Structures are given as structure tokens and as C-alpha cells.
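Peer 1: Quick one: the structure is below, and I'll ask about it shortly.
The values are calculated or read from the model by the stated rules, or taken from the named source; none is laboratory data. Treat the numbers as computed from the prediction; the structure is a model and nothing was measured. Ideal geometry is used to build each Cβ from the backbone, glycine not excepted, and the neighbour counts take in all protein chains shown.
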Amino acid sequence: MSVEISEILQRAADGGRISPEEALLLYTEAPFHALGEAADTVRRRRFPEGIVTYLIDRNINYTNVCVTACKFCAFYRAPKHAEGWTHDTAEILRRCEEAVQLGATQVMLQGGHHPDFGVEYYEELFGAVSSNFPQLVIHSIGPSEVLHMAKVSGVSLDEAIRRINAAGLASIAGAGAEMLPDRPRKAIAPLKESGARWLEVMGIAHRQGIESTATMMMGTGETNAERIEHMTMIRDLQDETGGFRSFIPWTYQPENNHLKGRTQATTLEYLRLIAVARLFFDNINHLQSSWLTTGKDAGQVSLHMGVDDLGSIMLEENVISSAGAKHRSNLHDLVWMIRSADRIPAQRDTLYRHLNVHWTPADDPTDERVTSHFSSITNVGRQLPVLS
């Protein structure tokens, strides 16, 4: 290991800021174990009790009709397509009720950019969910949906965000980030807003007091430098607003979409990116790995690369699953992944507050009904298998 890399790793492990150029050097050249050790040092300093969190939630898609036609997406259908669908409010509320029965504390409502859905649609949707299930935090949509609804309704972004927040939206998802730099973004989603506009929406929300998450999809042909550029764009906004709770990178899934798997990120690339992210984001508290797209083995290894959160037992998920993500889990497995990595599992809420810390194996949950990921695309009106 070179003296330069060693000095950068030590500075980052001690909590110092590293530049994008230094992050790229670590990502491409730092020895794997030294990189992981430095990242884990940061994690231990931030979370000295060794707690790794998880969430129970449900991702409910209200429509698959979309005008954006992203090349990596296997979920959407164009307007008037025979396979297009939209769930009514009663169906969405039924799914919320199932989620509550299984201990969910959060619901993620997401869908395509339906040509008819403006701010009024989301006000009604969020209002219905929040009034019927006040115990569910609505962590939903993303900047792309905000831009679309504001355009349909002919209102400003500031007004659109204020109105849906008043209706019940408590937190904005990092959805739609994909790759923020211009070149890779135009290549995979030419009809979607620019990365700068994505960040603009997040900034407006943060300044209104609405926090969000930040994501990154890797493996669609972007360069290593563009991956670091993506993270730099997020860190720069975080310096201004402080509104991102966590960073969540995930890997492109290759089935049933126009990219057809021509490029994909390897597990090693993903784990190195996770570690660099923990060193790079000195201003974002939490780092979540995506076992859904990388598998449970990689998810567990990520806990030694700076990760403090394993995401959710997502009771329902359709978008990434449509593109081939086949990894499944249940509450017992997720807790075991954390504990066998010598960490202490804890159920959290949307704001990362601990709801139930499983200090010893005797404290571990035993509810076998809580499992992921039921697909609803062909099961409209059906109950979750555990409740039928």
C-alpha cells in the first residue's frame, strides 16, 4: 500500500474530509481489507454500541403507467398499454392495513409518472393513508414524481411540496437518483430530469424541513469517476441543507428492460463503493446496504465495510423485482445476518430511532409471518400470503 493511500485512509478513519479525487483513488487502488477496516473504524466511532438497524415497511405501487420510459426499468407501462394498471384508494388502504398487522411502521407509496396525476391526486392519496393509518410514516415518492405532479397541476415545486407534506407526506425517498452526472443519466433515462434538477427538488424539501434519503444505482455503464461524482453532488447539497438521513447504493438488475444487462456492477465493486461512501460522507449519518439487489451474503459482508443499516423487511416490492431481483428474506434471517456479523440488531423507525433493540439472542423476534417480498402485480385484491 502506498504512503499516499495510507495517509488518506488514516485521515478518513479519523473523521477528516477526503476530496473526490482521493475518494476515486481509494475506490480504485486501496487494498480491500485496509479500505474496509478504515470504513469500519468510522462506523464504530459513530455507533459505538455496535447496533445495526432494520425496518419493517411495505412498498405499495399505485400505478405502473409512466411517460418517462427509463431504459433500466422493467416495471413501467406506457399510457394506454394493455398491461397498465392503477390501484384505487380502497386497495391501497387494504394493503396498508395488512402492513400494520405485521408490525410495519412505514409505507412507501411509489408509481409511474401517470399523465393525469397532479398534486391533487397525491393530496388525496396521502391524506387517505395518513387519516386512516396515522401510525404509518409516509416515506414516499421522489423528486421525479414531484416535478411531474407540479407540471401536471401547473404549480411551483415549492407549492407542490408544501401541499403534499400538509396532506401527510413525512419524508421523501431517494428514488429516481440512479446516476446524477449528465452523461450516464442521459444514456439510461433521457426523458427524466437532470441530476441538478433532482437535487434542486431535494433542496427545496430540506429547506421546508422535510428530510429524505439519497440513493445511487450502479452498474449501467457509468465510470468509476462518475460514481464518485454522483456522491460528490449529494455531499455538496448535504453541506448546504443537512437533509439527507442516509445514503443507499444499489446495483442495477438486468432482466426485462431495454439495457438487457449489458453492464453490471460486481459484488466487489459494490462493497468497495460502500466502504468509500462511509469514508466520503462525513456529513451523512447512516449508510444502508442493499441485500435485495446484491444478496444476503454481500449484505452481511457490508456490515464490515462501514454499514450500520440493512434496510427493510419490505413486505411488498415490485419495481426492482420486475427487473430480476430474486433475493428474499424474513425477519428471522435479517436478524441472524446482523447478529452473526457480531452486531446487535435493532428495529428502527423512519428517523432511525430505535424501537426495539435485541441486546441478546433471547430478545430476537420470532414472528414468522414477517417476510419479503410479495409481488402484487398479478395479485390485485389478494391478501399477503401470511394473512390469507
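Peer 1: Within the stretch 122-143, which residues are buried (at least 17 other Cβ atoms within 10 Å of the Cβ), more than 12 Å from Ile60 (Cα to Cα) and of a type in the set (Ser, Thr, Tyr)?
Peer 2: Tyr122, Ser130
Peer 1: Continuing with this model, one more query. Taking Val107 as the residue in question, decide whether it is aliphatic (A, V, I, L, M) and within 23 Å of Met216 (Cα to Cα). Explain how you work it out, then say what you get.
Peer 2: Values: aliphatic (A, V, I, L, M): yes; within 23 Å of Met216 (Cα to Cα): yes.
Yes: the conditions hold for Val107.
Peer 1: With the checklist (1) modelled with pLDDT of 90 or more; (2) over 19 Å from Thr105 (Cα atoms); (3) of a type outside the set (S, T, N, Q); (4) exposed (fewer than 15 other Cβ atoms within 10 Å of the Cβ) in hand, flag the one item Arg339 doesn't pass.
Peer 2: (4)
Peer 1: Say we look at the stretch 342-388 and pick out the residues that are charged (D, E, K, R) and in contact with a strand residue (DSSP E or B) (Cβ under 8 Å, 6 or more places away or on another chain); which of these is modelled with the lowest pLDDT? Let's see the steps before the verdict.
Peer 2: So the first thing to find is which residues in the stretch 342-388 are charged (D, E, K, R), and the list is 342-343, 348-349, 353, 363-364, 367-369, 382.
With in contact with a strand residue (DSSP E or B) (Cβ under 8 Å, 6 or more places away or on another chain) added as a condition, the list becomes 343, 348-349, 363-364, 368.
Working: Arg343: 97, Arg348: 97, Asp349: 97, Asp363: 88, Asp364: 87, Glu368: 69.
The extreme case among them is Glu368.
Peer 1: Output the residue which, of all residues in the stretch 239-281 that are among the charged types (D, E, K, R) and at pLDDT below 80, is nearest to the chain's Cα centre (by Cα).
Peer 2: In the first step, residues of the stretch 239-281 are kept if they are among the charged types (D, E, K, R); the result is 239-240, 245, 255, 260, 262, 269, 272, 278.
With the extra rule that they be at pLDDT below 80, the set shrinks to 255, 260, 262.
Numbers: Glu255: 20, Lys260: 22, Arg262: 23 Å.
In this case the residue turns out to be Glu255.
Peer 1: So which of Val129, Val137 ends up being touching a residue at least 60 places away in the same chain (Cβ under 8 Å) and β-branched (Val, Ile, Thr)?
Peer 2: None of the other options fit; the residue is Val137.
Peer 1: While we're on this one: Picking from Gly15, Gly84, Gly118, which residue would you name as being of a type in the set (Gly, Ala, Ser) and touching a Ser or Thr at 6+ places or on another chain (Cβ under 6 Å)?
Peer 2: The unique qualifying residue is Gly118.
Peer 1: For the stretch 144-185, how many residues are buried (at least 18 other Cβ atoms within 10 Å of the Cβ) and closer than 23 Å to Trp250 by Cβ?
Peer 2: Residues in the stretch 144-185 being buried (at least 18 other Cβ atoms within 10 Å of the Cβ) and closer than 23 Å to Trp250 by Cβ: 19 in total.
Peer 1: Looking only at residues that are at pLDDT 90 or above and of a type in the set (Val, Ile, Thr) in the stretch 84-101, which one is farthest from Val137 (Cα to Cα)?
Peer 2: So, considering only residues that are at pLDDT 90 or above and of a type in the set (Val, Ile, Thr), the one farthest from Val137 (Cα to Cα) is Thr89.
Peer 1: Let me ask another. Just give me the residues in the stretch 186-221 being at pLDDT below 95 and at negative phi, in sequence order.
Peer 2: Lys186, Ala187, Ile188, Ala189, Pro190, Leu191, Lys192, Glu193, Met217, Met218, Thr220
Peer 1: Kindly list the number of the only condition in (1) surrounded by 22 or more Cβ atoms within 10 Å (Cβ to Cβ); (2) under 23 Å from Ala265 (Cα atoms) that fails for Pro190.
Peer 2: (1)
Peer 1: Under 6 Å between Cβ atoms, which residue pairs at least 6 apart in sequence (or on different chains) link something in the stretch 144-170 that is at positive phi with a partner that is buried (at least 22 other Cβ atoms within 10 Å of the Cβ)?
Peer 2: Pairs found: Gly168/Phe126; Gly168/Ile138.
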